[in-house]
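Heads up: the structure comes next, in structure tokens.
Only the coordinates and a few stated rules stand behind these numbers; no lab work does. Being a predicted model, the structure only gives us computed values, none of them experimental. Cβ: placed from backbone, ideal geometry, glycine included. Neighbour counts: every protein chain shown.
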Amino acid sequence: MNRTAAIGSVKQGYTDGTRRLASRYIGRLARTRVSPNALTTGGVLLCTAAAFAIPFEDRNELLFYWLAAGLFIAGSILDILDGALARQSDKATPLGEFLDSLSDRVSEGFVLAAIAFVFARVGDDVSVAICLAAVAGSFLVSYARAKAELIGLKGDVGIGSRAERVIVISSGLILAPLGVPLQWFIYLLAATAWLTVLQRILSVRKQLLRKEAHGFDQR
């Protein structure tokens, strides 16, 4: 098994595990009046609160970074559960799907903007630039998948999808007060996001070439 296949296998394993865990508990939630849109809204609000907490790290780094990490993780979990709830409760709507796709970008963008503000406050212009690159890359990761699926192709390949980005950002916030530079995690985030964009471009190209070859053979 090559390295790419091994990474894909690990990613598929924890993705499937997360989905099983979500489906185990979402059944109870589906029997309540809670709507998927309510979970989406809650997730955005929690992540926004995390973004507001981050700049206060200059007062108490441990308290506010860990508070931000907890809020961001909780908001991201709600973002996972809203889709599962929509599927199991037959409450899925086109508007809900649209709002769900936007909420991911808003939540992550707010948190990264807050981190960029922290870097700017101490005059770390390089890290600010890398943080902006991470924002652009993370947005393009989701955009590449959406455009691929729009033309009937698979666009979920890559090592820097939403779940991985949540892990990297949360790890950075948790470990920063313990002496691990937050910049390292933002550099990793930017690198994996742009690598994933490239992976998805190459994957779409490969799928299109395969479809063209298949069409030619049929003729």
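If only the Cβ of Lys and Arg carry +1 and only the Cβ of Asp and Glu carry -1, the dipole of the range 132-175 around its Cα centre is close to 60 debye.
Relative contact order (percent) for the range 81-217, with alpha-carbon contacts under 8 angstrom and 6 or more residues of separation? For the range 81-217, the relative contact order is 24 percent.
Applying the Karplus relation 6.51 cos²θ - 1.76 cosθ + 1.60 with θ = phi - 60° to the range 159-172 yields 3J(HN,Hα) values of 9, x, 7, 4, 4, 5, 5, 4, 5, 5, 5, 5, 4, x Hz, where x marks Gly and Pro.
Taken about its Cα centre, the range 18-218 carries a charge dipole of roughly 800 debye when the Cβ of each Lys and Arg holds +1 and the Cβ of each Asp and Glu holds -1. Using the Cβ of TYR143 as centre and a radius below 10 Å, the other residues enclosed give a net charge of +4, where K and R count +1 and D and E count -1.
With θ taken as phi - 60° and the Karplus curve 6.51 cos²θ - 1.76 cosθ + 1.60 applied, the whole-hertz 3J(HN,Hα) list for the range 146-155 is 4, 5, 5, 5, 5, 9, x, 10, 8, x Hz, x standing for glycine and proline. From largest to smallest, the equivalent ellipsoid semi-axes obtained for the range 18-218 from the alpha-carbon gyration tensor read 31, 25, 12 Å.
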